[in-house]
Amino acid sequence: MHPEFAGVWALAQEHIVAVGLLTNRDLERLGSGFRRCFPVSDDRKFEDLLRAIDEADAASLRARCSSDQQNKMPPAR
């Protein structure tokens, strides 16, 4: 196996439980115990993906708030 892909192969054999977009500050907070980080360049290639994630997050929040309002008990009389 080509050495460049050895880490990718090992990663593919494990169950991924989360994927995150972190800032340098986030990585500093996680400390040395957080070992797997794949930097991405700031070249706007992910702009559409980030926008879609933000829109989905906002829609989810609106749905939760709407559901919370519908599930509230009416005030006691």
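Scan segment 50-76 for residues that are outside any helix (DSSP H, G or I) and modelled with pLDDT of 90 or more and report the count. Spell out the reasoning first.
As a first pass, look at segment 50-76 and keep what is outside any helix (DSSP H, G or I): 72-76.
Subsequent filtering for residues that are modelled with pLDDT of 90 or more retains none.
So the answer is 0.
Out of segment 19-33, which residues are of a type in the set (S, T, Y) and under 23 Å from I53 (Cα atoms)? Spell out how you get there, then give the answer.
Here is the first cut: in segment 19-33, the ones of a type in the set (S, T, Y) are 23, 32.
Residue satisfying the conditions is T23 alone.
The values are calculated or read from the model by the stated rules, or taken from the named source; none is laboratory data. Treat the numbers as computed from the prediction; the structure is a model and nothing was measured.
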